[in-house]
Each structure stands twice: as C-alpha cells, then as structure tokens.
Number of protein chains: 2
Amino acid sequence: MLVKRYSDVTPTTYDNGRSGVTMREMITASDGAPSFAMRVFDLVPGATTPYHHHPWEHEVFIVRGSGVVKSEHGDRPFSAGDTVFIAGNEPHCFVAESAVQFVCVIPAPNACAVG
Amino acid sequence: MLVKRYSDVTPTTYDNGRSGVTMREMITASDGAPSFAMRVFDLVPGATTPYHHHPWEHEVFIVRGSGVVKSEHGDRPFSAGDTVFIAGNEPHCFVAESAVQFVCVIPAPNACAVG
C-alpha cells in the first residue's frame with residue numbers, strides 16, 4: 001500500500017510554465033500499478049490543455065473549479081464533482097474558467113484494452 | 001464524450017444505510033469505458049469500508065476529509081489531495097475520521113492486467 005501526498009510529487013510544467021497547466025503523476029507503473037495511471041492536473045484561470053486526440057481514453061474527476069471541455073460536438077460545461085469520460089480518439093481539451101484541479105486516469109501503455 | 005454530475009448518479013448504500021458508506025458508479029463499461037471504472041465513495045465520520053482483499057488493485061484520490069487506511073502493515077493516515085495505491089490481494093479498509101469523499105478506480109473485469 002502506498003500513500004502519497006500531492007505536495008510531495010514534483011509537477012510537470014508545460015511550455016516553461018506559460019501554459020498555466022501542471023501535472024503530477026501520482027500513481028504509475030513505477031509504483032507497481034499494472035493497469036492504469038492516475039495523474040492530477042492543475043489549471044490556472046484561463047488555461048487550456050492542448051486540443052488533441054489519442055487512441056487511449058481519459059476518465060476524469062473534477063476536484064475543484066469550473067470550465068468547459070471542448071470536443072468535435074461542442075463545449076460541455078464542467079464543475080466540481082463532475083466526471084468526464086473521453087473515449088479513445090476523441091479530440092478534446094479542457095478550458096479552465098476558474099482555477100481547476102482534476103484527476104485524470106489513463107490506461108497503462110501495455111493494457112490490452114487499448115491495443 | 002460524457003459529462004456526468006455527481007448529483008445525477010444514484011448512490012449505492014450498504015447495509016441499509018447503517019454503514020455510513022455510499023458509492024456512486026460514475027464511469028463504467030456501460031458508458032463505453034473499456035479498461036477501468038471510476039467510482040466516488042462518501043463516508044460519514046466514523047464510517048469504515050469492509051476490511052477485505054481481492055485480486056484487483058485500487059487507485060484512490062482523497063477529495064476531502066481525513067482518516068486512516070488500514071493494512072496488514074499498519075495504519076496510514078490520509079487527507080485531501082493524497083492518493084492511495086492498494087495492490088491486488090492486499091487486505092485493506094478505509095476509516096473516516098471526518099466526512100470523507102474519495103475517487104476509487106478499479107480495472108474492468110476483463111482487463112488483461114488483472115489476469
């Protein structure tokens with residue numbers, strides 16, 4: 001069993017900090033997690049994650065804040081307590097209206113369901 | 001893409017509500033999630049999840065509150081922002097000292113990594 005403090009995990013900062021998006025890899029294969037990885041993202045107000053797509057899915061829980069998630073089918077608002085499921089290959093990005101924190105889980109690279 | 005509100009998901013209540021533990025299945029295979037399922041648990045102060053083990057792992061994010069997670073190796077305190085990784089077959093339970101909410105992700109039943 002492994003308990004980790006958010007403040008003990010070094011964040012990854014994109015675009016030299018200009019993007020306003022940071023990510024912490026909280027539970028990964030290096031911890032012995034075999035099937036999926038759990039990350040925590042923090043977005044400053046107005047920040048956006050890249051609009052992109054990839055074969056793997058996202059399962060997201062909004063811890064705090066509000067904003068919209070963009071997709072090919074339009075924008076969907078989100079706020080604290082919501083979950084967002086993004087299927088594989090769906091273009092998407094998250095736009096923070098306030099400061100936002102969310103948990104984002106992705107399958108391990110070798111997980112069969114992704115293959 | 002699917003956004004769900006916490007308040008729109010009917011909770012599962014254990015032991016006719018006496019346990020003080022409720023669970024909401026937020027993202028599951030019925031939503032098209034292929035690899036893992038995301039649930040949200042709420043515990044009233046003093047509530048405990050069952051002390052048990054199973055072959056699959058848990059990846060947990062503590063949204064709010066504090067308590068301890070019990071294992072064969074003793075108790076580990078947790079509070080908001082922490083993650084807890086419980087490997088397959090590790091006996092465990094969560095004990096809430098305050099009102100607690102956490103996200104708990106488990107592999108899909110047919111996920112290869114579970115074997």
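Roughly how much of B:Arg64 is accessible, in Å² to the nearest 10, using a 1.4 Å probe?
Looks like 130 Å² after rounding.
Aspartates and glutamates near B:Lys70 by alpha-carbon distance under 16 Å, same-chain residues fewer than 8 away left out - which ones?
B:Glu57, B:Glu59, B:Asp82, B:Glu90, B:Glu97
Of the candidates B:Val40, B:Val68, B:Val95, which one comes out as most mobile in a Gaussian network treatment of chain B with C-alpha springs shorter than 10 Å?
Residue with maximal mean-square fluctuation among B:Val40, B:Val68, B:Val95: B:Val68.
Heavy-atom accessible surface, probe 1.4 Å, ligands and DNA/RNA ignored: which residues of segment A:17-62 lose at least 40 Å² versus the isolated chain?
Buried on complex formation: A:Ile27, A:Pro34, A:Ser35, A:Phe36, A:Met38, A:Glu57, A:Glu59, A:Phe61.
Take the solvent-accessible surface of the protein heavy atoms, probe 1.4 Å, and return the percent of it on the protein assembly as shown that carbon and sulfur atoms account for.
Numbers: 5500 of 10240 Å².
Taking all protein chains in place, the protein assembly as shown shows 54 percent carbon and sulfur surface.
Given R₀ = 30 Å, what would the calculated FRET efficiency be for B:Thr13 paired with A:Asp8, taking r from the Cβ atoms and rounding to 0.05?
Numbers: r = 35 Å, r/R0 = 1.15.
My answer for the efficiency is 0.30.
Per residue, how much accessible area does segment B:23-102 have with a 1.4 Å probe, in Å²? Spell out each step's value before the answer.
Working: 3040 Å² over 80 residues.
Per residue, segment B:23-102 has 38 Å² of solvent-accessible surface.
Taking K and R as +1 and D and E as -1, what net charge do the other residues with C-beta under 14 Å from the C-beta of A:Ala29 add up to? Walk me through the numbers on the way to the answer.
Values: positive: A:Arg39; negative: A:Glu25, A:Asp31, B:Glu57, B:Glu59.
Net charge around A:Ala29: -3.
So what is the relative contact order for segment A:1-102, in percent, with contacts set as C-alpha pairs under 8 Å and at least six apart? Spell out each step's value before the answer.
On the way: 221 pairs, mean separation 27.7, N = 102.
Normalised by residue count, the contact order of segment A:1-102 is 27 percent.
How many square angstrom of accessible surface are buried between A and B, both sides summed, with a 1.4 Å probe and rounding to 100?
Values: alone 6950 and 6950 Å², together 10240 Å².
Approximately 3700 Å² gets buried when A meets B.
Heavy atoms of the protein only, probe of 1.4 Å, neighbouring chains included. What is the accessible area of B:Thr10 in Å², nearest 10?
Accessible surface of B:Thr10 is approximately 120 Å².
Tally Lys and Arg at +1 and Asp and Glu at -1 over the other residues with C-beta under 13 Å from the C-beta of B:Gly65: what net charge comes out?
Details: positive: B:Arg64; negative: B:Asp42, B:Asp82, B:Glu97.
Local charge sum for B:Gly65: -2.
Counting only protein chains, not ligands or nucleic acids, how are A:Asp8, A:Asp82, A:Asp42 ordered by accessible area (probe 1.4 Å), most first? If you can, show how the numbers build up before the last one.
On the way: A:Asp8 120, A:Asp82 5, A:Asp42 30 Å².
If we order A:Asp8, A:Asp82, A:Asp42 from most to least accessible, we get A:Asp8, A:Asp42, A:Asp82.
For B:Val44 and B:Glu90, compute 0.36 nm times the residue count separating them, minus their Cα-Cα distance, and round to one decimal in nm. Walk me through the intermediate numbers first.
Values: separation 46, 0.36 × 46 = 16.56 nm, distance 2.41 nm.
This chain segment gains 14.2 nm when fully extended.
How large is the direction-averaged shadow of the alpha-carbon convex hull of the protein assembly as shown, in nm²? Don't skip to the end; give the middle numbers.
Details: hull surface 48.6 nm².
Mean projected area of the Cα convex hull: 12.1 nm².
Taking N as the number of residues in chain B, what value does Rg over Cα atoms divided by 2.2 N^0.38 Å take? If you can, show how the numbers build up before the last one.
Details: Rg = 14.0 Å, N = 115, 2.2 N^0.38 = 13.4 Å.
For chain B, the normalised Cα radius of gyration comes out at 1.05.
What figure in square angstrom, to the nearest 10, would you give for the accessible area of B:Asp75 with a 1.4 Å probe?
80 Å²
The values are calculated or read from the model by the stated rules, or taken from the named source; none is laboratory data. The shown structure was predicted, so the numbers you read here are calculated from the model rather than taken from an experiment. Cβ: placed from backbone, ideal geometry, glycine included. Neighbour counts: every protein chain shown. Protein only, heavy atoms only, side chains kept; ligands, DNA and RNA dropped before computing areas. Shrake-Rupley method; radii C 1.70, N 1.55, O 1.52, S 1.80 Å.
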